[in-house]
Amino acid sequence: MVKHSSNVKGYSGLLGSLKKIDIEITRNFKKSAPMEIYAFEPFAVLFDEFIKKYDELRMYEIACELLKSLDEFEKKYGRTSELLKIQSVFEKFKKNYELLREIKKSNAELKKTYDTTIEGWGKALELRDSETEGHSHGVMDFAVKLAKEMGLNDEEIQIISRGALLHDIGKIGIPNAILLKQDALTEDEQKIMNQHPTFGYEMLKEISYLQPAAAAVYSHHERWDGKGYPQSLKGEKIPLSARIVAVANHWDAHLHDRPNQKAWTREKVIKDLQEKSGKMFDPEIVKVFLGKVIDNEG
């Protein structure tokens, strides 16, 4: 009940404004689906849609301010069903925003943990094979530069970065006698070495965070002409991330000493990429890599 008639106009005005916001919020939420307060996923979808129209932090601040004002009105005029309804709208908004904020914080911490683990895996492989130390990071750097020059978005670049860093992780399953052999591999040894993309894929495919990156790990030894491994994929059937990592891997690998091969000159690697463009590598990717990434480095 309203106890002071002199303030009825102000009270009614506030209620009217809040009702409009209430209706607006309800309309925005109901565009996609009924609001599910206690299930994060449906709420996240609805909330993302909602904040296209409203800045989420500002709406949270407004909700907090209005709740304080509503508390003051309740002290002065008593509790009404309309007041409770409007309070409920903003309480839900406030709680859901706080929940989302905590989840985002937890996700950021989890992402940092995953990325640190990935770095550790890459380092473990490089420590096992000291002659290729720094190779994984070199491939990652060139793959990221190439992806940027090709106009990929941030999410795609992040996936390629992880795939490049872990592209040889499957070599953990290759015996030292083969992995570190100084002479040319025999045919049987090469067959075993060629299993490393499959080993790497098997390691990553069950980790949801790394599943998108697993494609580059699995397919970076496929060839544009279909003569690669492990699946003999051809042309654009090879995932884009794998085609990018393949070029970056070839460049970095041949510029450094390997267990059974001395480093090539920069000019020799460029010529080799040009000769293998359209055969081993995607010609458009080679064109961008040599024409923009390498040229820009001088």
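The values are calculated or read from the model by the stated rules, or taken from the named source; none is laboratory data. Not measured: the values here are computed from a predicted model. Here the Cβ positions follow ideal geometry from the backbone for every residue, glycine too, while neighbour counts run over all protein chains shown.
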Inset, instruction - Would you be able to say whether some residue in segment 167-186 is under 27 Å from the mean Cα position of the chain (by Cα), within 26 Å of residue 288 (Cα to Cα) and either of a type in the set (A, V, I, L, M, F, W, C) or in the same structural domain as residue 250 (by TED's automatic domain parsing) (or both)? - result: yes
Inset, instruction - Determine whether residue 151 is among the small types (Gly, Ala, Ser) and surrounded by 12 or more Cβ atoms within 10 Å (Cβ to Cβ). - result: no
Inset, instruction - Identify the single condition in (1) farther than 21 Å from residue 154 by Cα; (2) within 19 Å of the chain's Cα centre (by Cα) that residue 215 does not satisfy, given that it satisfies every other one. - result: (1)
Inset, instruction - Of the conditions (1) modelled with pLDDT of 75 or more; (2) closer than 23 Å to residue 203 by Cβ; (3) surrounded by 14 or more Cβ atoms within 10 Å (Cβ to Cβ); (4) outside the structural domain of residue 258 (by TED's automatic domain parsing), residue 140 clears all except one; give me its number. - result: (4)
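For (1) under 20 Å from residue 151 (Cβ atoms); (2) among the aliphatic types (A, V, I, L, M); (3) touching a Phe, Trp or Tyr at 6+ places or on another chain (Cβ under 8 Å); (4) not in a strand (DSSP E or B), each residue gets a yes or a no:
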{"site": "250", "(1), (2), (3), (4)": "no, no, yes, yes"}
{"site": "256", "(1), (2), (3), (4)": "no, no, no, yes"}
{"site": "273", "(1), (2), (3), (4)": "no, yes, yes, yes"}
{"site": "285", "(1), (2), (3), (4)": "yes, yes, no, yes"}
{"site": "288", "(1), (2), (3), (4)": "yes, yes, no, yes"}
{"site": "293", "(1), (2), (3), (4)": "yes, yes, yes, yes"}
{"site": "296", "(1), (2), (3), (4)": "yes, no, no, yes"}
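The rows are residues; the columns are (1) within 30 Å of residue 213 (Cα to Cα); (2) out of contact with any Ser or Thr (no Cβ under 8 Å at 6 or more places or on another chain); (3) at pLDDT below 75.
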position	(1), (2), (3)
61	no, yes, yes
72	no, yes, yes
76	no, yes, yes
81	no, yes, yes
86	no, yes, yes
105	yes, yes, no
111	yes, yes, no
131	yes, yes, yes
Legend entry - Every pair of residues 6+ apart whose Cβ atoms lie under 6 Å, when the first sits in segment 218-230 and is in a helix (DSSP H, G or I) while the second is at pLDDT 95 or above and among the small types (Gly, Ala, Ser): 219/242
Inset, instruction - Tally the residues that are surrounded by 22 or more Cβ atoms within 10 Å (Cβ to Cβ), outside any loop (DSSP other than H, G, I, E, B) and among the hydrophobic types (A, V, I, L, M, F, W, C), restricting the search to segment 160-199. - result: 4
